[in-house]
1. Once amide H atoms are placed 1.01 Å from N in the peptide plane, what residues at a sequence separation of 5 or more from Val25, or on another chain, have their amide H within under 5 Å of its amide H?
2. Quick check on packing: order 26-32, 63-69 by the mean number of other C-beta atoms within 10 Å, highest mean leading.
3. Which cross-chain or sequence-distant (5 or more) residues have an amide H under 5 Å from the amide H of Ser39, H modelled 1.01 Å from N in plane?
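Bear in mind that the values in this text are calculations on the coordinates, not laboratory data. Since the structure is predicted, the reported quantities are computational estimates derived from the model, not experimental observations. Counting neighbours? That spans all protein chains shown, and the Cβs are built from the backbone with ideal geometry, glycine included.
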Amino acid sequence: MLIRFSELRCREVINLSDGARLGFVSELQLEAETGRVLSLIVPCPGRLFGIFASSHDYVIPWPCIRRIG
């Protein structure tokens with residue numbers, strides 16, 4: 001599957017175990033040597049344009065991603 005980061009940012013992240021909406025993808029963590037995606041980062045609720053930010057964002061490891069779309 002090929003997906004651009006700009007498309008991924010428009011996708012909402014939902015926890016499949018309880019149906020909770022976590023928010024939208026804001027960043028990716030990549031492995032520099034191989035370019036592999038290591039995790040998705042979703043800002044915690046209440047964060048607005050990087051201000052009023054808490055240090056606790058959701059970091060979702062790539063192996064935990066079950067479905068995109």
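1. Here the answer is Arg11, Val13, since their amide H atoms fall under 5 Å of that of Val25.
2. Details: 26-32: 12.0, 63-69: 8.3.
Going by the mean number of other Cβ atoms within 10 Å, highest first, we get 26-32, 63-69.
3. Residues meeting the amide H criterion: Gln29, Trp62.
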